[in-house]
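Okay, structure first, notes after.
Laboratory data are not the source of any read-out in this text; all were calculated from the coordinates shown. Model, not experiment: these values are computed from the prediction. Here Cβ is always computed from backbone atoms with ideal geometry, including for glycine, and neighbour counts include all displayed protein chains.
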Amino acid sequence: SDIVAEMAARITTLGNADAVIVVDQSNEQSQALSQIASYGGDTARVKFFYRTVDTIWIRDYGPRYIYEGECRAIVDHTYNRPRPNDNALNGHFAEEVGHALYELPLVHGGGNFHLNGVDAKGWATELISNENGGVSDAEIRGYWQDYQNLNVTITDAFPTSVDYTQHIDMWMCWASDTTCVISDWPYNVGSTQDQICDSIASDLQTQGYTVVRIPARSLGWTHYTYANSVICNDVVLVPSYSNSSVSQHNAQAIAAWQQACPDKTVVSIPCESIVGSAGVMHCICMHIPRHLGGENPTVYLQSPNGGVVYEPNQTVPINWITDDDNAVSNVNIDFSADGGISWQSVVSGSADDGYHSWQVPDVSTSVGLIRVTAMDQDGNSGEDQGDGFFSINGTAVAGDVNGDGIVNVSDLLAVIEAWGPCSFSCPEDLNGDDVVDVIDLLAVIGAW
């Protein structure tokens, strides 16, 4: 609890972020706030989520975030340990915060994963293959590509005698989009773990990345790692150890992280009390990215999203997700037959449940759009509409040149633009005489 408290103190001050702490009951909340305050933390930025969990290793089972459009969403997995309360956390958390949840079809421990989001690359050790028998490496990599848009490299794993977890976050950590910190083994040169780290470091350097090496030790089945650190905005939290054989490396680790993150504040946090349990700070926290809309809700319309032809009275599902800095209250759904120039209400003040069954109207259009607008309790709003047009094979409207289901000035302008001979069939030639002229113009006006 002291480690969590000091981490929260640094995150809420130097890290300029909120800290969300999972607790079982209210007395744990008061104890946590007292400890965080004792380390100088900003307790106003500490939030609590009440849920019984089995262990502190939330990196392995907690919410892995992605952005879908401008909305935060969670990618979950089946926890690779028989800990049902841990495994169930993400479903409860997603419901509490109103974020979409997707189930990655893999048995997994989340600490066995690192990524570089800018270059859409990820890394995991072969533990992921061993835990998913019958699923090929290509299929595993395909799942990560589908769910997180990442090209994942599967590396060799450390011997369990060196690192019981075989998780990659025990020896690798991305410091920025261009720099990666990887363990070095000065007291085990040529060992299996040293060769694995050297190989990945060399591979990353060949790809053009900067690699900073940081000391690591393996003593009496305890993996002393400085790579298992936590970056939160402009602060880096680095473990330190009191073991007399390892403490000499504390200053070296700080220097390495300062080299990797020259524009950040690097802080040392004592972790001797936890390292013997096969994990340090990165293992007991997850990152929640910021809401991209500021005070306004964001929406991502999943479907309909263009490229489809519908028939009148057809039942079509409208699917969406939302996000907000607080919570979305309700949504409005609108339909446009003219490419977004004008909108007709489908439903107003509907629950933000991500689904509405829409009966397609009898209009003829090739530029149909659906728009979903989300509102929060403060009156802020945000919207999203389809990325492409859909068509409806409805009853044609006389004089509707552009096929948006409405006769208006857009049709007049289309006729004027196409004025003259029409050698091939064109929609502006309303009387079919192969000429766009005043007769067609009058037809539009007459149908107005």
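Modelled spin-label separation between ASP203 and SER244, with each label point placed 7 Å from Cα along the Cα-to-Cβ direction: 4.0 nm.
In this calculation the C-beta distance from ASP18 to ASP119 is compared with R0 = 22 Å, giving a FRET efficiency of 0.20. Among DSSP beta bridges whose residues both lie in the chain, state the antiparallel percentage, nearest 5. Percent antiparallel among DSSP bridges in the chain is about 60. Per-residue packing, averaged as other Cβ atoms within 10 Å, sorts the ranges 9-15, 247-253 into the order 9-15, 247-253, beginning with the highest.
Quickly work out the THR55-to-GLU28 label distance, labels modelled 7 Å from Cα along the C-beta direction, and quote it in nm with one decimal. Placing both labels 7 Å beyond Cα along the Cβ direction yields 1.6 nm.
Note on VAL347 and LEU219: their simple-model spin labels are 6.3 nm apart, each label 7 Å out from Cα toward Cβ.
DSSP beta bridges confined to the stretch 98-189 are antiparallel in about 55 percent of cases. The structure-derived value of log10 I(q)/I(0) by the Debye sum over Cα atoms at q = 0.08, 0.12 Å⁻¹ appears in the list (1) -0.60, -1.02; (2) -0.54, -1.06; (3) -0.47, -1.11 under the label (1). Peptide packing: for 104-112, 152-160, the average count of neighbouring Cβ atoms within 10 Å per residue gives the ranking 104-112, 152-160, highest mean first.
Of all beta bridges that DSSP places with both ends in the stretch 270-428, some 95 percent have antiparallel geometry.
Mind listing the long-range amide H neighbours of THR153? Cut-off is under 5 Å, sequence gap 5 or more, other chains count too, H placed in the peptide plane at 1.01 Å from N. The list, which skips near neighbours in sequence, is GLY122, TRP123, ALA124. Using only the C-alpha atoms, the convex hull of the stretch 298-395 corresponds to 81 Å³ per residue.
At an R0 of 25 angstrom, the distance between the Cβ atoms of VAL438 and ALA396 translates into a FRET efficiency of 0.70. Determine which residues of the stretch 14-31 fall in the zone a paramagnetic label at ASN85 would reach in this model, i.e. backbone nitrogen under 18 Å from the point 7 Å along Cα→Cβ. The answer is 21-31, whose backbone nitrogens lie closer than 18 Å to the label point.
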